[in-house]
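Okay, structure first, notes after.
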Amino acid sequence: AGDRGWKAHHPSPHYPTKTLPSYPTMGLGVLQSPALYEKLELEALFFGFYFKPNTPQQYLAARELKRQTWRFNKRYNTWFQRQKEPQAVTPECEQGSYIYFDHNVFHEDMRPGWCARVKEDFTFEYKDLGP
């Protein structure tokens, strides 16, 4: 039902360059297969979501993350998953312990990275729930 509004987007390179005629010009069809995303590890799904914006890869990664009970929070631009049942639930929100994917981490040597973290007593407002 929610898939009807989605349209495939075929991005063009930001800086086109000349390549050899033997170089592939079309993406791999397997990267657009939902079956592949069911087999990917969690970090690969997050990579596809955050680093392949507006592509079928982002859409398929998000679809698989949702299937694995992750929820996208629009306010924080972050994926959350319940660590255990919420302590409190109202029509507007729920509060409890969540695992979230921090995609904006800097290591001690200032290299960018990501990691999973736990947020206790987090209030997840349903109005921030992504599509």
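Want the number for residue 43 to residue 69: 0.36 nm per residue separation, take away the alpha-carbon distance, what's left? Each step should come with its number before you reach the end.
Details: separation 26, 0.36 × 26 = 9.36 nm, distance 1.50 nm.
Gain on extension, residue 43 to residue 69, equals 7.9 nm.
So how much slack lies between residue 35 and residue 81, counting 0.36 nm per residue of separation and subtracting their Cα-Cα distance, in nm?
On the way: separation 46, 0.36 × 46 = 16.56 nm, distance 2.20 nm.
Separation in residues times 0.36 nm, less the Cα-Cα distance, equals 14.4 nm.
Would you kindly derive the ³J(HN,Hα) couplings of the stretch 77-85 from the backbone phi angles with the Karplus curve 6.51 cos²θ - 1.76 cosθ + 1.60 (θ = phi - 60°), listing them in order in whole Hz, with x for Gly and Pro?
6, 9, 8, 10, 9, 4, 7, 8, 4
Counting only protein heavy atoms and a 1.4 Å probe, tell me what percentage of the stretch 27-82's accessible area is made up of carbon and sulfur.
Details: 1760 of 3250 Å².
Ligands and nucleic acids excluded, carbon and sulfur give 54 percent.
With a probe of 1.4 Å, find how much accessible area the stretch 49-96 has per residue, and write the answer as a whole number in Å². Let's see the in-between values first.
On the way: 2810 Å² over 48 residues.
That works out to 58 Å² per residue.
Give me the number: length gained by fully extending residue 106 to residue 18, i.e. 0.36 nm times residue separation minus the C-alpha to C-alpha distance, one decimal in nm. Working shown, then result.
Numbers: separation 88, 0.36 × 88 = 31.68 nm, distance 3.50 nm.
Difference between extended and current length: 28.2 nm.
Which of the lysines could be linked to residue 74 by a straight reach, that is with a Cα gap under 23 Å, when you skip same-chain ones fewer than 8 residues away?
7, 52, 66, 84, 119, 127
The values are calculated or read from the model by the stated rules, or taken from the named source; none is laboratory data. Keep in mind the model is a prediction, meaning the values are calculated, not measured. In case anyone asks, the SASA skips ligands and DNA or RNA and just uses the protein heavy atoms, side chains included. Shrake-Rupley method; radii C 1.70, N 1.55, O 1.52, S 1.80 Å.
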